[in-house]
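For reference, the structure discussed in these notes is given below.
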Amino acid sequence: MPAAPAPDSPSPRMRLPSTLDAVGPETHYSEVERMLRGEGWTPCGTGDWAFALASPGGTMAARISPFDPVGPFTAQLYAEAAATGAVPRLDLHRRLAGGADLLVMEFLQPVGEEEAKAFFGRVRDGGGELAELSAIVHRIHAAALEELPWCGPLDANPSNVMRGADGRLVLIDPFYADGPALYGMAQEDPDRFVTTLPPEQRRHLTEIPLGCSGPWPEAEREALRAQLQRADRERPAEDLIAEAAAADVDGWGFDWLTGRATEERPEWGYARLLARAVAGAEVAIDLDTGGGEVLGGCPRLARDQHVTESWPPNAERVRRRLGPRGVIVHETAPGAPIPLPDGTADLVTSRHPVAPDWPEIARVLAPGGEYLAQHVGPGSAFELIEAVHGPTTEAQRRGRHPDDEVAAAEAAGLEILERREARLRMEFFDIGAVAWILRKCPWWVPGFGVDTHREQLLEVDRIIRLDGAFVAHSTRHLLRARRR
């Protein structure tokens with residue numbers, strides 16, 4: 001059957017959730033799923049590489065893949081061939097953290113096998129009314145073959161032809177990664193594999209659903225993860241350092257360290273406590289919010305939610321992430337007053353505040369209002385800091401001590417309701433992880449640079465290769481206080 005002509009107007013659809021405005025290369029795919037489910041989207045299918053959610057009105061579908069090298073080429077096809085009417089309407093495409101991919105498109109219905117085969121044949125051969133689409137498909141496919149080591153031939157699976165709500169046939173997924181070849185190399189030649197596909201493009205390699213070809217036993221997934229992590233760590237130190245020097249360190253996401261470093265988490269679960277607190281607040285402000293990663297994970301925010309951030313790249317990230325949710329973003333100078341009138345907040349929060357200004361916190365809290373925060377404690381990561389920077393002083397090791405912070409909070413008029421402390425093990429498995437975290441947290445080693453501190457980095461690399469990891473410790477304390 002010939003393809004229906006391009007419709008005069010797009011098929012009906014609801015508006016995209018505004019929360020998706022903040023989705024980008026630092027967003028974990030599970031966060032996107034959580035956002036959409038919170039907006040009423042529901043599961044509507046699972047394949048080998050991705051799972052899908054349908055919009056509440058059934059007019060759009062979101063395809064979420066934990067790992068999809070060809071996602072950008074599919075999105076390019078939808079955009080460049082839109083005028084033909086023979087590809088889905090593309091509502092949104094975003095690359096996500098770690099090589100994941102999000103495509104939001106019109107909702108489609110299945111087509112009979114024979115009809116689908118005939119349509120695909122005309123696309124492949126470039127006949128008649130599908131000649132323009134065919135030319136675009138072959139051009140983009142040629143680029144994918146040149147760029148991607150595991151790009152397969154055009155996928156003739158009949159399920160890749162579907163029907164829009166207006167009756168037209170569309171080509172949905174003609175490009176694919178050759179899974180057996182890709183995963184085969186990962187298993188059989190991991191040392192070559194890790195130099196072919198950078199870690200930031202494959203962090204969720206073992207998390208694809210395999211809804212059609214599975215199951216994939218968790219023990220096998222874990223074995224592959226361990227094998228690739230070992231191969232990553234054994235790359236030359238100079239390669240690992242160069243990779244870390246070029247990586248993005250904006251925001252407060254730490255996905256780049258997945259498989260390369262670990263840090264124990266306090267047992268109290270700050271994210272859960274924060275979510276509960278802001279959900280019940282009228283006016284709240286989150287101090288030093290970074291890119292809004294922690295607050296953005298809360299399903300509900302305060303009715304009048306504010307945040308502060310002093311570093312411009314982070315301030316821009318939090319605007320994109322939380323602005324669509326109605327959050328008021330204050331880009332403040334370090335040490336500036338909290339931008340709220342006296343006694344107006346019933347909740348002040350912070351995860352790892354830079355330097356808590358207790359009089360200011362007490363000033364903006366209404367009587368009975370609460371402060372909830374997780375603070376970095378004294379001596380955090382000092383084993384690593386001293387290995388790179390040199391010996392620290394007693395005053396430096398005393399900094400951020402909970403005794404001192406509690407005394408300052410009480411002097412400002414706050415009553416301490418809860419104080420909990422934890423000492424947590426940190427492990428760095430390759431020197432790239434060390435170089436990256438020192439760039440991410442520049443106050444650890446002031447003036448740090450991969451060139452100025454190369455000798456120290458190479459010594460840490462020697463320790464990692466000898467012991468399997470560089471071990472340090474962080475300290476954290478939870479404080480919950482109330483304005484008297």
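The values are calculated or read from the model by the stated rules, or taken from the named source; none is laboratory data. Note that the coordinates shown come from a computational prediction; the quantities given were computed from them, not determined experimentally. Every residue, glycine as well, gets a Cβ built from its backbone with ideal geometry; the counts of neighbours run over all protein chains shown. SASA here: full protein model, heavy atoms, side chains in, ligands and nucleic acids out. Shrake-Rupley method; radii C 1.70, N 1.55, O 1.52, S 1.80 Å.
Listed values, structure above:
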read-out	value
Residues located in the stretch 429-462, provided they are over 24 Å from PRO378 (Cβ atoms) and either basic (Lys, Arg) or open to solvent by 10 Å² or more (accessible area, probe 1.4 Å) (or both)	PHE429, GLY449, VAL450, ASP451, THR452, ARG454, GLU455, LEU458, GLU459, ASP461, ARG462
Any hit, the stretch 72-84, residues being over 22 Å from the mean Cα position of the chain (by Cα), outside any helix (DSSP H, G or I), within 14 Å of VAL170 (Cβ to Cβ) and at pLDDT 95 or above	yes
Residue in the stretch 243-261 that is in contact (Cβ under 8 Å) with a residue 24 or more places away in the chain and more than 21 Å from the chain's Cα centre (by Cα) present	no
Breaking point among (1) open to solvent by less than 30 Å² (accessible area, probe 1.4 Å); (2) under 23 Å from PHE470 (Cα atoms); (3) at pLDDT 95 or above; (4) out of contact with any helix residue (DSSP H, G or I) (no Cβ under 8 Å at 6 or more places or on another chain), for VAL406	(2)
Tally of residues being open to solvent by 50 Å² or more (accessible area, probe 1.4 Å) and under 30 Å from THR196 (Cβ atoms) across the stretch 75-112	6
Pairs where the first residue, in the stretch 270-291, is more than 18 Å from GLY251 (Cβ to Cβ) and part of a helix (DSSP H, G or I) and the second is modelled with pLDDT under 95 and not small (Gly, Ala, Ser), C-beta under 6 Å, 6+ apart	ALA275/CYS298; VAL278/CYS298; ALA279/ARG300
Residues being open to solvent by 10 Å² or more (accessible area, probe 1.4 Å) and either under 28 Å from GLY57 (Cα atoms) or in contact with a Lys or Arg (Cβ under 8 Å, 6 or more places away or on another chain) (or both) - total across the stretch 113-127	2
Filter pass, ARG397 being modelled with pLDDT under 95, more than 31 Å from the chain's Cα centre (by Cα) and in a helix (DSSP H, G or I)	yes
Criterion: on the phi > 0 side of the Ramachandran plot and surrounded by 19 or more Cβ atoms within 10 Å (Cβ to Cβ) - qualifying residue of GLY343, GLY335, GLY379, GLY326	GLY379
Residue count for the stretch 202-222, restricted to those that are surrounded by fewer than 13 Cβ atoms within 10 Å (Cβ to Cβ) and out of contact with any Asp or Glu (no Cβ under 9 Å at 6 or more places or on another chain)	6
Flag if VAL354 is buried (at least 22 other Cβ atoms within 10 Å of the Cβ) and either on the phi < 0 side of the Ramachandran plot or modelled with pLDDT of 95 or more (or both)	no
The stretch 106-121, residues that are touching a helix residue (DSSP H, G or I) at 6+ places or on another chain (Cβ under 9 Å) and closer than 14 Å to GLY85 by Cβ	PHE119
Test: THR349 is on the phi < 0 side of the Ramachandran plot, open to solvent by less than 20 Å² (accessible area, probe 1.4 Å) and hydroxyl-bearing (Ser, Thr, Tyr)	yes
Scan of the stretch 125-165 for residues that are touching a residue at least 24 places away in the same chain (Cβ under 8 Å) and among the small types (Gly, Ala, Ser), ordered by number	GLY128, ALA143, ALA144, GLY152, ALA156, SER159, GLY164, ALA165
Residue list for the stretch 415-453, filter: under 20 Å from TRP252 (Cα atoms) and acidic (Asp, Glu)	GLU427
Complete set of residues in the stretch 145-160 that are in a loop (DSSP other than H, G, I, E, B) and either within 25 Å of PRO110 (Cα to Cα) or open to solvent by 60 Å² or more (accessible area, probe 1.4 Å) (or both)	PRO149, GLY152, PRO153, LEU154, ASP155, ALA156, ASN157
Qualifying position, being at pLDDT below 95 and either more than 18 Å from the chain's Cα centre (by Cα) or crowded, with 20+ Cβ neighbours inside 10 Å (or both), among VAL307, VAL294, VAL278	VAL294
Condition met for LEU169 (touching a residue at least 12 places away in the same chain (Cβ under 8 Å) and within 26 Å of the chain's Cα centre (by Cα))	no
Candidates ALA165, ALA142, filtered to the one that is modelled with pLDDT of 95 or more, open to solvent by 40 Å² or more (accessible area, probe 1.4 Å) and among the small types (Gly, Ala, Ser)	ALA142
